[in-house]
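Trainee: Pasting in a structure now, in structure tokens, and then I'll have a few things to ask.
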Amino acid sequence: MREARDLSPPSPGFSLLAVAALLAFTGFTLWVCLQHGVLGFVPLVRGEAWVLQMMLDLIIALVVALRWVISDARRRGHSPWPFAVATVLLGSIGVLAYLAWRGVAGRRRAEA
């Protein structure tokens with residue numbers, strides 16, 4: 001038998017943390033892209049084994065997070081695809097955007 005799933009919104013503190021992380025990390029990412037270009041990491045990945053290892057680790061973590069985002073959004077009756085596309089194109093920014101949106105959407109649903 002399946003367990004009942006908790007669809008309550010995350011705590012306000014968690015939602016605020018997700019929004020703060022999203023804004024801070026997006027700003028930092030924009031700054032890095034402006035300083036070094038969108039593909040500025042490629043020479044580092046080619047030349048340093050540790051950078052390649054970190055990139056592979058990030059990809060694995062994003063695949064796991066993306067699986068959860070898709071499952072959680074569907075369970076809540078929302079389309080996961082905007083966040084899935086954002087995660088594929090922007091990495092952690094897509095997952096952080098989902099966490100921030102989930103808190104806001106969940107609170108709106110709870111108030112309705």
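None of the figures in this text is laboratory data; all of them are computed from the coordinates on show. These numbers come from a predicted model, not from an experiment. We place every Cβ from the backbone using ideal geometry, glycine too, and count neighbours over all the protein chains shown.
Trainee: With a point put 7 Å past each Cα toward its Cβ, work out how far I60 is from V85 in nm, to one decimal.
Mentor: For I60 paired with V85, the spin-label model returns 3.0 nm.
Trainee: Kindly rank 12-19, 98-105 from highest to lowest mean number of other beta carbons found within 10 Å of each residue.
Mentor: Numbers: 12-19: 14.9, 98-105: 19.8.
Output ranking for 12-19, 98-105: 98-105, 12-19.
Trainee: What do you get for the angle between helix 49-75 and the principal long axis of the chain? Use alpha-carbon atoms, 0 to 90 degrees, nearest ten.
Mentor: The angle comes out at about 20 degrees.
Trainee: For a footprinting-style exposure proxy, rank F28, F83, F41 by other Cβ within 10 Å, fewest first.
Mentor: F28, F41, F83
Trainee: Given a Förster distance of 25 angstrom, what is the FRET efficiency for F41 paired with H78, based on the Cβ-Cβ distance and rounded to 0.05?
Mentor: 0.20
Trainee: Taking 25 Å as R0, compute the FRET efficiency from the Cβ-Cβ separation of A20 and A49 and round it to 0.05. Spell out each step's value before the answer.
Mentor: Numbers: r = 33 Å, r/R0 = 1.34.
Approximately 0.15, to the nearest 0.05.
Trainee: Considering the values (i) 1.05; (ii) 0.96; (iii) 1.02, which represents Rg/Rh (Cα atoms, Kirkwood Rh) as calculated for the structure under consideration?
Mentor: Label of the calculated value: (i).
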